[in-house]
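What follows is a short report on a single structure.
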Amino acid sequence: MAMITADPKDVPQVEHFAFTPEYMAKVEEQIAHYPPGRQASAVIAVLDLAQRQHGWLPRAAMNEVARILDMAPIRVYEVATFYTMFQLRPKGKYLLQVCTTTPCWLRGSDAVMKACQHAADGETFSVQEVECLGGCVNAPVVQINDDFYEDLDEASMNKVLDAFRRGETPKPGPQVDRQTSAPEGGLTTLKGE
């Protein structure tokens, strides 16, 4: 099973990392949001850009972020290891972040996690248990890369995973008959004038 953990001590590292010109322009755009001397405030955004370019955050990328932002490398490592959005080891094409906090757990996240763990192979799918994704009303919730899939059970999670396997992108959001977080089945009040 390809579970993602936060401990990178045995992960093979890359020797060098440099932003491409396209990504460097985005880095400069992020830094420009802050006053001179306060470029370290862009650390989360710049780490995210490094991860998007490379696919995960090797130490060389974190060191480059530290250099660009004029920060001590340990400060960048502290940020990268604190937030679950940063991956410190290679991951599959699709990162399945499964919320298992109380609202999702009460509505069946154990079965959703089981489906994700069964699919995890480290190349197509990697799975990570995370704390609240903020979609409690539509629990259980799984974030797949940048999209949220909600109102899941084991069967609907398997349908989503099968679509990704076929090269399709399933529609994010609720996987039941509801609009955003409205009641399932449609409106029950305020239907007329």
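Of the residues Thr124, Thr188, ranked by 1.4 Å probe accessible area with the largest first, the sequence reads Thr188, Thr124. For Leu96, the residues whose modelled amide H falls within less than 5 Å of its own, excluding neighbours fewer than 5 places apart on the same chain, are Ser126, Val127, Gln128.
If you sort Arg52, Arg38 by accessible surface, 1.4 Å probe, largest first, the order is Arg38, Arg52. With a simple spin-label model that places each label point 7 Å from the Cα along the Cα-to-Cβ direction, the separation between Arg166 and Ala60 comes to 3.9 nm.
Relative to the Cα centre, what is the charge dipole magnitude of the chain, using +1 at the beta carbon of each Lys and Arg, -1 at the beta carbon of each Asp and Glu, and rounding to the nearest 20 debye? Walk me through the numbers before you get to the answer.
On the way: 18 positive and 26 negative charges, 43 e Å.
Taking the Cα centre of the chain as origin, the dipole is about 200 debye.
With a 1.4 Å probe rolled over the protein heavy atoms of all chains, the accessible area of Glu150, Glu22, Glu168 falls in the order Glu22, Glu168, Glu150, largest first.
Quick one: work out the % antiparallel among DSSP beta bridges in the chain, nearest 5. Display every interim value, and only then the final one.
On the way: 6 of 15 bridges.
Around 40 percent antiparallel, to the nearest 5.
Note on the chain: Lys pairs 8 or more places apart or on different chains, Cα atoms under 21 Å apart, count 7.
I need the shape label for the chain. Rule: rounded when a/c is under 1.5, else prolate if a/b > b/c, else oblate, with a, b, c from the alpha carbon gyration tensor. Because a/c hits 1.5 or more and a/b exceeds b/c, the chain counts as prolate. Atom-type composition of the exposed protein surface of the chain places 51 percent of the accessible area on carbon and sulfur (1.4 angstrom probe). For region 24-117, the relative contact order works out to 21 percent when only alpha carbon pairs closer than 8 Å and six or more residues apart are counted.
Size of region 1-113 from its Cα atoms: along the principal axes, largest to smallest, the extents are 48, 31, 26 Å. Taking amide H as placed 1.01 Å from N in the peptide plane, the amide H of Gly173 sits under 5 Å from that of Phe148, Tyr149, Glu150, each at least 5 places away or on another chain.
The values are calculated or read from the model by the stated rules, or taken from the named source; none is laboratory data. These numbers come from a predicted model, not from an experiment. With ideal geometry, Cβ positions are generated from the backbone for all residues, glycine too; neighbour counts draw on all protein chains shown. For accessibility, only protein heavy atoms count, side chains too; no ligands or nucleic acids. Shrake-Rupley method; radii C 1.70, N 1.55, O 1.52, S 1.80 Å.
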